[in-house]
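A.B. asks: Take this structure first; my questions come after.
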Amino acid sequence: MTDCFGSQPPVATLRSWEECFEGDLRLYFEAHLPSPVSYKRWLRENLRKRNLIPYVLRAASRAGNRDFEGATHVDALLLNASNGFALIVEAKVVSDVSYQVSFDIARNQLARNIDVMLEENPLLEPPLRDRDPEKTLFVFQSPAMFKTNTHARLYGWLLQDYKNPDAIARDLPHRGGRDFGAVARRIGWLTWEDCEAVLPGGCKWLSSGGIAPVERDARPQRPQPVLAANLPYTLDPNFDKARLEKLIAEFESSAKRGIDRSLAVKLGSELVESDPPYISRATTLQLAKWCKTNSPLYCDGMEVARKISQLLFGRLVDRDALDV
């Protein structure tokens, strides 16, 4: 935190990092933080200024539809239940931040995280409801190469832009009158390499820079077709891995919630990072669900899922036939 924010925490009531972390520390993954009521009320009144897609506007106008944004699933939340101090973490490796949400195509993922950081959560169970928004910091985590080359990802531009309090005020128009200068000081950028330097071995997946040599006379075995975990689909052993990586990134950007993006993580782990590649039954069934969904809000993800299915199996995995 010293490397990320400086020697003193940017919180008026806490004088040292030791004071921030002394107490009952709780770590949550995929913590659900409700969308601010003030934002949903503002969006309801300004919807046509923030969206132009007819079917989305029709969905928003249906009777009883008042929940224009669901809970934000933050990647990690470190909470000190003793004093209300908290860290909200949004972590990326190669993917970028989402540039829109379902009803508000001008609301990016970083603004959404900062917004929930500033909101009290009295309806949550303790100790989550005891988190103090004024003692909460937002930490973005990425590989060092994207912090050095800030132009390479949308979040690089946004994190630089949000050093300016006026930029945060622009993207959180429902929070007028707030001291956005104080908010800007509570936004930090951490790298995986920073963590590895402090705790060697903590990020074992980081490349060590060494690549094992390949024997010239060694002939790699041609991978044999394998069934997708006892399902009637045969994985193409010669699928284009580079194209799959692009499709996974595209799917992750189109998925609306953190839990939906879990399919991208599984596909990457099983088919990109594993040698030989494979696809599990659970992942195949999850892909099948995405290949056929009736919700118009997930149509972007559905189109990418179908491309992934065609790439891996040469056909669409049939959700109805698999009864999922």
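No value in this document is a laboratory result; all are computed from the given coordinates. Here the structure is a predicted model, which means the values were calculated and not measured. We place every Cβ from the backbone using ideal geometry, glycine too, and count neighbours over all the protein chains shown.
A.B. asks: Give the cross-link partners of Lys204 among the lysines, using a straight C-alpha distance below 21 Å as the criterion and excluding same-chain residues fewer than 8 apart.
C.D. replies: Of all the lysines, those that pass the test against Lys204 - Cα under 21 Å, at least 8 places apart if same chain - are Lys92, Lys147, Lys266.
A.B. asks: Read phi for every residue in the stretch 102-117 and hand back ³J(HN,Hα) as whole Hz from Karplus 6.51 cos²θ - 1.76 cosθ + 1.60, θ = phi - 60°, with x for Gly and Pro.
C.D. replies: My calculation for the stretch 102-117 gives 3, 9, 10, 7, 9, 9, 8, 5, 5, 4, 5, 5, 5, 4, 5, 4 Hz in order.
A.B. asks: With each label point set 7 Å from Cα along the Cα-Cβ vector, what nm distance links Asp236 and Phe29?
C.D. replies: Reported label-point gap for Asp236 and Phe29 is 3.3 nm.
A.B. asks: Can you tell me which aspartates and glutamates have their Cα less than 13 Å from the Cα of Lys49? Leave out same-chain residues fewer than eight positions away.
C.D. replies: Filter leaves Asp104.
A.B. asks: Quick check: residue separation of Asp194 and Asp132 times 0.36 nm, minus the Cα distance between them. What number comes out in nm? Let's see the in-between values first.
C.D. replies: Details: separation 62, 0.36 × 62 = 22.32 nm, distance 2.65 nm.
So the chain would gain 19.7 nm between Asp194 and Asp132.
A.B. asks: Also, quick follow-up: Can you compute the label reach from Gln8? Point 7 Å from Cα along the Cβ direction, backbone N cut-off under 18 Å, restricted to the stretch 123-144.
C.D. replies: Only 135-137 fall inside the zone, counting backbone N under 18 Å.
A.B. asks: Using 0.36 nm times the number of residues separating Glu125 and Arg15, minus their current alpha carbon distance, what extension gain do you get? Write down the numbers at each step before the final one.
C.D. replies: On the way: separation 110, 0.36 × 110 = 39.60 nm, distance 2.80 nm.
That pair, Glu125 and Arg15, stretches by 36.8 nm at full extension.
A.B. asks: Here is a follow-up. To two decimal places, what compactness ratio does the stretch 76-181 give when its Cα radius of gyration is scaled by 2.2 N^0.38 Å? All intermediate terms of the calculation are to be shown ahead of the outcome.
C.D. replies: Numbers: Rg = 14.6 Å, N = 106, 2.2 N^0.38 = 12.9 Å.
Cα-based Rg divided by the globular estimate yields 1.13.
A.B. asks: Restricting the count to DSSP beta bridges whose residues both fall in the chain, what percent are antiparallel, rounded to a multiple of 5?
C.D. replies: Values: 14 of 25 bridges.
If we restrict to bridges inside the chain, about 55 percent are antiparallel.
A.B. asks: Now for a separate question. Any chance you could get the radius of gyration and Dmax over the Cα atoms of the stretch 226-322, in Å?
C.D. replies: Just the Cα atoms of the stretch 226-322 yield Rg and Dmax of 12.2, 36 Å.
A.B. asks: How big is the stretch 94-154 by the Kirkwood estimate over distinct Cα pairs, in Å?
C.D. replies: Numbers: mean 1/r = 0.0727 Å⁻¹.
One over the average 1/r among Cα pairs gives 13.8 Å for the stretch 94-154.
A.B. asks: Give the whole-number value, in cubic angstrom per residue, of the convex hull volume spanned by the C-alpha atoms of the chain.
C.D. replies: Details: hull volume 55.0 nm³, N = 324.
In the chain, the Cα convex hull volume per residue is 170 Å³.
A.B. asks: Additional query: Averaged over all directions, how much area does the convex hull of the C-alpha atoms of the stretch 1-128 cover when projected, in nm²? Display every interim value, and only then the final one.
C.D. replies: Working: hull surface 38.8 nm².
Computed as one quarter of the Cα hull surface, the answer is 9.7 nm².
A.B. asks: Calculate the spin-label point distance for Arg44 paired with Asp161, positioning each point 7 Å from the Cα along the beta-carbon direction, and give it in nanometres.
C.D. replies: 2.8 nm
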